[in-house]
Structures are given as structure tokens and as C-alpha cells.
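Asks: Structure in C-alpha cells, see below.
The values are calculated or read from the model by the stated rules, or taken from the named source; none is laboratory data. Remember, it's a predicted structure, so these values are computed and weren't measured experimentally. Backbone-built Cβ (ideal geometry, glycine too); neighbour counts: all protein chains shown.
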Amino acid sequence: MPPLYDLTIVSADRIVYRGKVESLVAPGAMGSFGVLAHHAPMVAELETGELDVVTDQGEQVSFAISGGLLEVTWSGVTVLADSAEAAVEIDVARARAAQERARERLRAHHAGMDVVRAQAALRRALNRLRVARRGRREPGGSDDG
């Protein structure tokens, strides 16, 4: 069995995951990166994307995250995410509604609209849908509807 380490994923309102893991792949601000046991200490900025974890049981678990920080210490890894949801927890209907709202705001593009914020909302909704589909192993479909 590969060496394990402690992982804690925290969002603004709760602990999303806590357990022993073999590895993780995170969406870093400068590109995706992986962490194995005995990784050198570091802090990295996270982007909206998919956080993939291999648990101590060898199971792959995916999380939709939107920004935050990841800290590696000698005692383990902590992810402080702006938001984080396990793939199996994602409300697909709610994510689709958020996607449509964001697209509608971008189509309407009225004066005073915060385009960057609307684009970020669309990226978050698309990410949640992609992670939900992959995490549930649902076949086919397009990420951008």
C-alpha cells in the first residue's frame, strides 16, 4: 500500500472532507499539480476546477471547488476552498439553473453589468456540472450545454 497522509477540505461553512488519502490532483492558479505523501511543505493558490482525491481505500473522489488555498505541511494537506462540494453532493438541477442565469446575464449585457463576475459564475456552474457528471460516471454530454 502506498504511503498515506491526512487531507482536510474546508469550505466557508463546513468541513467537506477529512480522511487519509494516497494522493490528490488540484487545480492550481499556475496549472494542475499533484501531492503525494512526504511532499515538501508549500502553499498554493487554487482556481475553479476539479480536485481529485485517491482515498486510503483506493477510491477516486472528486470535488468541485472554486478558488482558495492549499497548504502542504509535514502533518498533511489542508484545502481552504472558497466553496467545495463532493461530486455526489452536487445538485445538478441547481447547477444547470445557475448556468442558465449566468448565460442570460452575459447575453443581456446591460450597462453597469459586472461581466467578470457573470463569467466567473458561468465557470463555477460549468465546473459543478462537469464534476457531477464525472463523479457519478454519467455518460456523454457536453459541459457547456
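Asks: Of all residues in the stretch 59-99 being of a type outside the set (G, A, S) and free of Cβ contacts under 8 Å to residues at least 24 places away in the same chain, which is farthest from Y5 (Cα to Cα)?
Replies: R94
Asks: Another question about this same structure. Looking at the stretch 5-13, can you tell me whether even one residue there is among the aromatic types (F, W, Y), in contact with a Gly (Cβ under 6 Å, 6 or more places away or on another chain) and in contact (Cβ under 8 Å) with a residue 40 or more places away in the chain?
Replies: Within the stretch 5-13, one or more residues are among the aromatic types (F, W, Y), in contact with a Gly (Cβ under 6 Å, 6 or more places away or on another chain) and in contact (Cβ under 8 Å) with a residue 40 or more places away in the chain.
Asks: Based on this model, can you work out whether G68 counts as closer than 28 Å to S23 by Cα, touching a strand residue (DSSP E or B) at 6+ places or on another chain (Cβ under 6 Å), buried (at least 18 other Cβ atoms within 10 Å of the Cβ) and at pLDDT below 90?
Replies: No.
Asks: Looking at the stretch 71-80, is at least one residue in contact with a helix residue (DSSP H, G or I) (Cβ under 8 Å, 6 or more places away or on another chain), outside the structural domain of A125 (by TED's automatic domain parsing) and either at pLDDT 95 or above or not aromatic (F, W, Y) (or both)?
Replies: Scanning the stretch 71-80 turns up no residue that is in contact with a helix residue (DSSP H, G or I) (Cβ under 8 Å, 6 or more places away or on another chain), outside the structural domain of A125 (by TED's automatic domain parsing) and either at pLDDT 95 or above or not aromatic (F, W, Y) (or both).
Asks: With A37, A29 as the choices, which residue is under 18 Å from R124 (Cα atoms) and more than 11 Å from the chain's Cα centre (by Cα)?
Replies: A29
Asks: Could you run through the stretch 48-75 and say how many residues are on the phi < 0 side of the Ramachandran plot and in a loop (DSSP other than H, G, I, E, B)?
Replies: 7
Asks: Evaluate the following for E45: is it surrounded by 14 or more Cβ atoms within 10 Å (Cβ to Cβ), charged (D, E, K, R) and assigned to a strand (DSSP E or B)?
Replies: Answer is no for this residue.
Asks: If you go through the stretch 76-88 one residue at a time, do you hit one that is surrounded by 14 or more Cβ atoms within 10 Å (Cβ to Cβ) and in a helix (DSSP H, G or I)?
Replies: Yes - at least one qualifying residue is present in the stretch 76-88.
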